[in-house]
């Protein structure tokens, strides 16, 4: 009797991936997505999955780098204190830093404002064989800029181009840009860390209460918190209009940091498995040369042993 084949890693992780994926093929309403979801797991089980994902990610990243064909872009978005920084640090713990790079996007400089709104993200895209991690991204141009119209006024865009259609036009530009990247071998995964307003409150209080976290607190966070409703509406529009099969959004329940990390790691690992990454093969001629080098090195070692025996 033949042995039943073991399920693929993607199949095992599917319950932690599929419920949170949105590719634009259906209606999307942010309020229908829970923030405290735990997927039927407890924290101990979640930590085991997270550790397993780290090991798989390290292996896949090495293959991705060696194959030097695909690249991967990971976009992290979320409100202040949603857990973006800690998620990136935890998920990529132990991964070779040569093969991935984190780029944070803060307030644009005057030099960046002299370019189009996608420019600073474009120059930070990952090379083939590498994973690029955007902590915030070009999506800020449809989020914070939309919530704060005064920022748009400083972007030096010709006034007659700033119409009521500008957000729809930016959505179209982003979708076209991501399709272009996808067609050239960049796999795009986008994560919205969906934390509740109550959880944000607790985390901001924690930053105030713990001296080691005081540096993370900014009065600007309080000002942005007052605009929570506007941001939620902006995120809903972004996810609704920029999700595609080539670049899906994952709406990640983020009130439990450990579960958010389990979901994000599972998405990344299952996607990398689907690329069928392999180490480059060596042809017969090169193998023959390797054998000659092996013999020369072995003989060199024998010669060294003989000299040591004479002394």
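The values are calculated or read from the model by the stated rules, or taken from the named source; none is laboratory data. On a predicted model such as this, the values are computed, not experimentally measured, just so you know. FYI the Cβ positions are ideal-geometry reconstructions off the backbone, even for glycines, and counts take in every protein chain you see.
Couple of notes before you dig in:
- Members of segment 47-74 that are farther than 12 Å from residue 269 by Cα, surrounded by fewer than 22 Cβ atoms within 10 Å (Cβ to Cβ) and touching a residue at least 24 places away in the same chain (Cβ under 8 Å): 47, 62, 63, 65, 66, 67, 68, 69, 70, 71
- Selection from segment 179-216 of residues that are in contact with a strand residue (DSSP E or B) (Cβ under 9 Å, 6 or more places away or on another chain) and either under 19 Å from residue 78 (Cα atoms) or surrounded by 16 or more Cβ atoms within 10 Å (Cβ to Cβ) (or both): 181, 182, 186, 187, 188, 189, 190, 191, 192, 193, 194, 195
- Qualifying residue in segment 194-202 (condition: closer than 16 Å to residue 174 by Cα and assigned by TED's automatic domain parsing to the domain that holds residue 170): no
- Flag for residue 107 being more than 11 Å from the chain's Cα centre (by Cα) and surrounded by 22 or more Cβ atoms within 10 Å (Cβ to Cβ): no
- Residue match in segment 43-66 (condition: assigned to a loop (DSSP other than H, G, I, E, B) and over 19 Å from residue 174 (Cβ atoms)): no
- Filter result for residue 127 (assigned to a helix (DSSP H, G or I), modelled with pLDDT of 95 or more and either out of contact with any helix residue (DSSP H, G or I) (no Cβ under 6 Å at 6 or more places or on another chain) or surrounded by 13 or more Cβ atoms within 10 Å (Cβ to Cβ) (or both)): no
- Selection count, segment 194-239, where residues are outside any helix (DSSP H, G or I), in contact with a helix residue (DSSP H, G or I) (Cβ under 6 Å, 6 or more places away or on another chain) and at pLDDT 95 or above: 1
- Residue count, segment 67-97 (criterion: within 28 Å of residue 279 (Cβ to Cβ) and either in a loop (DSSP other than H, G, I, E, B) or outside the structural domain of residue 195 (by TED's automatic domain parsing) (or both)): 8
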